[in-house]
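Please read the structure below before turning to the comments.
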Amino acid sequence: MSDTARIDAAGLEVAELETVFERLGVARFHARQLYRWIWRRGVDDFEAMSDLSRDLRVRLADALEVVSPRVVHRDMSTDGTVKLLLELSDGRCIESVHIPDTPAQTFCVSTQVGCAMRCAFCLTGKMGMVRNLNAGEIAGQVRVLARELGLLDVAFNIVLMGMGEPLHNYDETMKALRLLADPNGMAVPARRVTLSTVGVLPALARLATEPYMPNLAVSLHATTEDVRDALVPVNRKYGLADLIEACKRFPVKRRDRITFEYVLLDGVNDTPQDARRLVRLLADIRAKVNLIPLNEAPSIPFARPSDARVDAFARILAAKGLRVSVRKSRGRDIRAACGQLIVEGTRPSPAQRLADQLGARG
Ligand code: SAH
């Protein structure tokens, strides 16, 4: 089939699309038109692009395609959170989440199928690393979520807190952010994007030099090297002390702060001593702390602390002048909360696919 030879237009930045158009002998300005159809209006069928001539639509459809993750399943939580199971072109699946009214709209997207970091309390880590997503697949989640939920014209936030470690898939992640930022498309400003990372230090140093600089969230989760080694295995390579130094050097804009995420595990990292050590660690950083009481799962060998324990931890930080918030768990009933994204058997059976297709039509 000639399908495989077609170029994915949804994986190209405007300048790349212009180059392709030139090669096809099509006027460059049509590239922007196509970009607008894809990213502003969420259209992926050339036939529907009514301001392109019929002849041009046929030529484009011959050489290009607009690849979009396919919605296989949609769950809605009692709190309004929506989780989409999306199938990629190789049959692999990922999950993406829409969290309404935070007070803004927030899309939580994945950067990898699975994850290599294997944090001890995270279900995605249990999948191991399957593969990196490409830029079109990362940004495509936002396009599909916005289209499915009727939010294409609404301002929204994006958090790279789904499956995967964004700094372990650096180039495609940054390209995805450029695809989303382009003024011909969704025009998402950097201040509306948050990149969450365990702290892959060489990549963090690169991020510090990016012209398009998202907000930074660092998954800290521990206040000693030993505990962090056990919870976040990459700490054995890029240790806590070096991570803190890198954060001190990170160029945060004047009114901004680095968010430090801290999953609270009962009896493991939630003692008053931990709280005080955390205060000292962050003393010279423009920081805010986001406490995340563990979202439990049967295969996770830790427990969520009581509300009183969470509160006591938060109070110690606040009393020392640290900004602190406790993350409200959203979508727990549909397994859409932090650390709960996992896709079992990521390749749907042909029978399942057929059933889905029939269901979608019926
Ligand atoms: N790999 C990136 C982004 C993905 S996870 C990172 O680690 O930052 C987003 C956040 O959810 C991280 O802080 C992660 O540690 C946290 N998380 C993972 N499993 C969790 C769980 N079971 N309960 C609560 N938070 C969890």
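The values are calculated or read from the model by the stated rules, or taken from the named source; none is laboratory data. Because the structure is a prediction, the values reported are computed rather than measured. Here Cβ is always computed from backbone atoms with ideal geometry, including for glycine, and neighbour counts include all displayed protein chains. Note: accessible area is taken over every heavy atom of the protein model, side chains too, but ligands, DNA and RNA are not part of it. Shrake-Rupley method; radii C 1.70, N 1.55, O 1.52, S 1.80 Å.
Structure notes:
- Legend: residue pairs LYS237/LYS320; LYS83/LYS126; LYS126/LYS248, Cα-Cα distance threshold 27 Å; pairs beyond threshold, LYS237/LYS320; LYS126/LYS248.
- Here the contact order of the stretch 3-65, divided by its residue count and restricted to Cα pairs under 8 Å and six or more residues apart, works out to 40 percent.
- The accessible surface of the stretch 70-361, taken with every protein chain in place and a 1.4 Å probe, is 51 percent carbon and sulfur.
- A Cβ-based charge dipole, computed about the Cα centre of the stretch 70-361 with Lys and Arg at +1 and Asp and Glu at -1, lands at about 620 debye.
- Per residue, the convex hull spanned by the Cα atoms of the stretch 70-361 measures out at 132 cubic angstrom.
- In the chain, the DSSP beta bridges split such that about 40 percent are antiparallel, to the nearest 5.
- Carbon/sulfur fraction of accessible area - the stretch 3-65, other protein chains in place, 1.4 Å, %: 48 percent
- The stretch 308-325 - phi-based ³J(HN,Hα) in whole Hz, Karplus 6.51/-1.76/1.60, Gly and Pro as x: 5, 5, 4, 5, 4, 4, 4, 5, 5, 5, 4, 4, 8, x, 7, 6, 9, 9
- For the stretch 137-152, Karplus couplings with θ = phi - 60° (6.51, -1.76, 1.60), whole Hz, Gly/Pro x: 6, 5, 5, x, 4, 5, 4, 6, 4, 4, 5, 4, 9, x, 10, 4
- If you take all other residues with their beta carbon under 14 Å from the beta carbon of TRP39, and give Lys and Arg +1 and Asp and Glu -1, the sum is +2.
- Three-way shape label, the stretch 3-65, alpha-carbon gyration tensor, a/c 1.5: rounded
- Assuming charge only on the beta carbon of Lys and Arg (+1) and of Asp and Glu (-1), the dipole of the stretch 53-116 about its Cα centre is about 200 debye to the nearest 20.
- In order along the stretch 40-57, the phi-based Karplus estimate (6.51 cos²θ - 1.76 cosθ + 1.60, θ = phi - 60°) of 3J(HN,Hα) comes to 9, 9, x, 9, 10, 10, 4, 4, 7, 8, 5, 8, 9, 5, 4, 4, 5, 4 Hz; Gly and Pro are listed as x.
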